[in-house]
């Protein structure tokens, strides 16, 4: 595959499909493109005309591109050999792949050097797959996510880990936690917060039940798309998961007032139903529409143009300190006047900035609550350690859920 094909593929949609195990390293290091090249030709945007089907001449630019492709491949393989000779960060409890400052340094360095014409998103995607392939030479990771494939959780997992991993789709958030807790998967990815609908209660509940650690985050803009096999005026039913329907409620009332909305367990299942049922449409990702052969009837139909979902990466250990970290914790205080104020004052005295706080009812209790807090800093920082030690003396229960690098928001 030539460099120009790589660029075309990423411009037309770099996350069409997730890949699974590769038979050899060459298929891993080639950005896993064999897994995403099965894209209908009709959706690939190109500048070519019908008359361009003539054989490409062997001289001129084609010769230069072929030479550069050979040089690129040689350098990529050499980079991979060096990476394999130097084990990546991690041990038996924290295997390679923990979101570490080292990988972010790679992205920052190459993006700073890039002067175009490739976009920052494209350059980052190329190096993400390169890092993923190199990591797989040391250890191939298993990553559990809230499935099925092509769900937004799946796309977020690809954003973070690349495609040289074994993705494990499961049916519930609880099952993701169980996969990690039992050691069946190295990492899991679960939604934790949405800018429209707020906290994800199932995720917070599982943090109180199982001793897993939060070791990373992915913030991703969620753009919803109306997909169907029929024209918009023939749509009678719209399928999607409850959160997606909620996030597009006003658009649906305005543009499809007569259509019945039906909740299903995932946006991917909605796309499959839209493919099979006459008069049915789905709210899902563009990638799901491509996979199921659906037409895009309307894009970005979410009511909130800044609709962002934050996903938590869970594992057995916190991520190493990067210098730009957050720490998550949960605690319970006595049920008396001022107890919560006293607890929060500890963070102020230690000059720690809280970035998130949520209350969550303790099951089978009478008006008792967990408090989930995130603050800036790593659990190994002296100020964080002092605050945790002081809070531990006042709280009925205190647990550090993990520290992780602050992630950038992905489009």
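The values are calculated or read from the model by the stated rules, or taken from the named source; none is laboratory data. Predicted model, so just to flag it, every value in this text is computed and none were measured. Glycine gets a Cβ as well: all are built from the backbone with ideal geometry, and neighbour counts include every protein chain shown.
Restricting to region 386-409, name every residue that is closer than 17 Å to residue 341 by Cβ and surrounded by fewer than 16 Cβ atoms within 10 Å (Cβ to Cβ).
The answer is 393, 394, 396.
Just need a number here: residues in region 276-319 that are out of contact with any strand residue (DSSP E or B) (no Cβ under 8 Å at 6 or more places or on another chain), more than 30 Å from residue 201 (Cβ to Cβ) and outside any helix (DSSP H, G or I).
Counting residues in region 276-319 that are out of contact with any strand residue (DSSP E or B) (no Cβ under 8 Å at 6 or more places or on another chain), more than 30 Å from residue 201 (Cβ to Cβ) and outside any helix (DSSP H, G or I) gives 2.
Restricting the search to region 267-285, which residues are under 9 Å from residue 228 (Cα atoms) and either in the same structural domain as residue 173 (by TED's automatic domain parsing) or in contact (Cβ under 8 Å) with a residue 60 or more places away in the chain (or both)?
271
Of the residues that make up region 176-184, is at least one surrounded by 19 or more Cβ atoms within 10 Å (Cβ to Cβ), in contact (Cβ under 8 Å) with a residue 12 or more places away in the chain and under 23 Å from residue 272 (Cβ atoms)?
Yes, there is a match, as at least one residue in region 176-184 is surrounded by 19 or more Cβ atoms within 10 Å (Cβ to Cβ), in contact (Cβ under 8 Å) with a residue 12 or more places away in the chain and under 23 Å from residue 272 (Cβ atoms).
So for region 221-233 (the condition being outside any strand (DSSP E or B), crowded, with 22+ Cβ neighbours inside 10 Å and modelled with pLDDT of 95 or more), does at least one residue qualify?
Yes: region 221-233 contains one or more residues that are outside any strand (DSSP E or B), crowded, with 22+ Cβ neighbours inside 10 Å and modelled with pLDDT of 95 or more.
How many residues are surrounded by fewer than 14 Cβ atoms within 10 Å (Cβ to Cβ) and in contact (Cβ under 8 Å) with a residue 40 or more places away in the chain if we restrict to region 250-266?
1
Identify, by number, the condition in (1) assigned to a helix (DSSP H, G or I); (2) farther than 22 Å from residue 73 by Cβ; (3) touching a helix residue (DSSP H, G or I) at 6+ places or on another chain (Cβ under 9 Å); (4) modelled with pLDDT under 90 that residue 174 doesn't meet.
Of the numbered conditions (1) assigned to a helix (DSSP H, G or I); (2) farther than 22 Å from residue 73 by Cβ; (3) touching a helix residue (DSSP H, G or I) at 6+ places or on another chain (Cβ under 9 Å); (4) modelled with pLDDT under 90, the odd one out for residue 174 is (4).
Would a scan of region 219-230 turn up a residue that is in the same structural domain as residue 269 (by TED's automatic domain parsing) and without any contact (Cβ under 8 Å) to a residue 60 or more places away in the chain?
Yes: one or more hits.
Which condition breaks for residue 320 when tested against (1) out of contact with any helix residue (DSSP H, G or I) (no Cβ under 8 Å at 6 or more places or on another chain); (2) under 29 Å from residue 220 (Cα atoms); (3) in contact (Cβ under 8 Å) with a residue 60 or more places away in the chain?
The failed condition is (1).
For residues that are farther than 26 Å from residue 325 by Cβ and over 31 Å from the mean Cα position of the chain (by Cα), scanning just region 342-365, find the one that is surrounded by the most Cβ atoms within 10 Å (Cβ to Cβ).
Step by step, filter region 342-365, then rank; the result is 365.
Looking at 351, 336, which one is more than 30 Å from residue 221 (Cα to Cα), touching a helix residue (DSSP H, G or I) at 6+ places or on another chain (Cβ under 7 Å) and assigned to a loop (DSSP other than H, G, I, E, B)?
Among 351, 336, only 351 is more than 30 Å from residue 221 (Cα to Cα), touching a helix residue (DSSP H, G or I) at 6+ places or on another chain (Cβ under 7 Å) and assigned to a loop (DSSP other than H, G, I, E, B).
Within region 178-187, is there a residue that is within 14 Å of residue 401 (Cα to Cα), touching a strand residue (DSSP E or B) at 6+ places or on another chain (Cβ under 9 Å) and in a loop (DSSP other than H, G, I, E, B)?
no
Name every residue in region 320-333 that is farther than 22 Å from residue 360 by Cβ and assigned to a strand (DSSP E or B), in order of residue number.
325
In this structure, is residue 164 assigned by TED's automatic domain parsing to the domain that holds residue 72, within 29 Å of residue 269 (Cβ to Cβ) and in a helix (DSSP H, G or I)?
When the stated conditions are applied, residue 164 does not pass them.
Scan region 354-366 residue by residue and report those that are in a loop (DSSP other than H, G, I, E, B) and within 16 Å of residue 397 (Cβ to Cβ).
362, 363, 364, 365 - these are the residues of region 354-366 that are in a loop (DSSP other than H, G, I, E, B) and within 16 Å of residue 397 (Cβ to Cβ).
Determine which single condition residue 288 fails, assuming it passes every other condition in (1) in contact with a helix residue (DSSP H, G or I) (Cβ under 8 Å, 6 or more places away or on another chain); (2) in contact (Cβ under 8 Å) with a residue 24 or more places away in the chain; (3) over 21 Å from residue 146 (Cβ atoms).
(3)
Can you tell me which residue among 321, 383 is surrounded by fewer than 20 Cβ atoms within 10 Å (Cβ to Cβ) and more than 27 Å from residue 156 (Cα to Cα)?
Step by step, each of 321, 383 is checked, and only 383 is surrounded by fewer than 20 Cβ atoms within 10 Å (Cβ to Cβ) and more than 27 Å from residue 156 (Cα to Cα).
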